[in-house]
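Q: Before I ask anything, let me first share the structure, which is written out below as structure tokens.
The values are calculated or read from the model by the stated rules, or taken from the named source; none is laboratory data. Bear in mind that the values here come from a model prediction, so they are computed numbers and not experimental data. Note that each Cβ is placed from the backbone with ideal geometry, even for glycine, and that neighbours are counted across all protein chains shown.
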């Protein structure tokens, strides 16, 4: 089953939260993404069923290798696209918002061309 954009966003959010805190709970994801508890619960269930995350006894969400791979890829795309857009003169907030949308639909070929074009690591 191919992961949808929303699943990629959840994985990236869990990744971002896990970089700041050792423990990431569903409520943390709700607050970070601004989504309702039922929406996050459904997403967590799907991500768990498809082996992108595990849910520990205490409710802590952990990325599996498969989930971490997707999350790191999305984070890298987001970071590079944000830097690329700001290098063109786009303000940082707009660049970050646009990068969030672009990162899910840009082809690998176009992304690699942008990445190679400058020092956007």
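Q: Of the numbered conditions (1) farther than 21 Å from residue 15 by Cβ; (2) modelled with pLDDT of 90 or more, residue 80 satisfies every one except a single condition; which is it?
A: Answer for residue 80: the failing condition is (1).
Q: Let me ask something additional. Across region 67-97, what is the number of residues that are loosely packed, with under 15 Cβ neighbours inside 10 Å and part of a helix (DSSP H, G or I)?
A: 7
Q: Can you say whether residue 75 is closer than 22 Å to residue 6 by Cα and in contact (Cβ under 8 Å) with a residue 60 or more places away in the chain, as far as the supplied structure shows?
A: Yes.
Q: Among the residues of region 15-36, are any out of contact with any helix residue (DSSP H, G or I) (no Cβ under 6 Å at 6 or more places or on another chain) and either in contact (Cβ under 8 Å) with a residue 40 or more places away in the chain or assigned by TED's automatic domain parsing to the domain that holds residue 102 (or both)?
A: Yes, there is a match, as at least one residue in region 15-36 is out of contact with any helix residue (DSSP H, G or I) (no Cβ under 6 Å at 6 or more places or on another chain) and either in contact (Cβ under 8 Å) with a residue 40 or more places away in the chain or assigned by TED's automatic domain parsing to the domain that holds residue 102 (or both).
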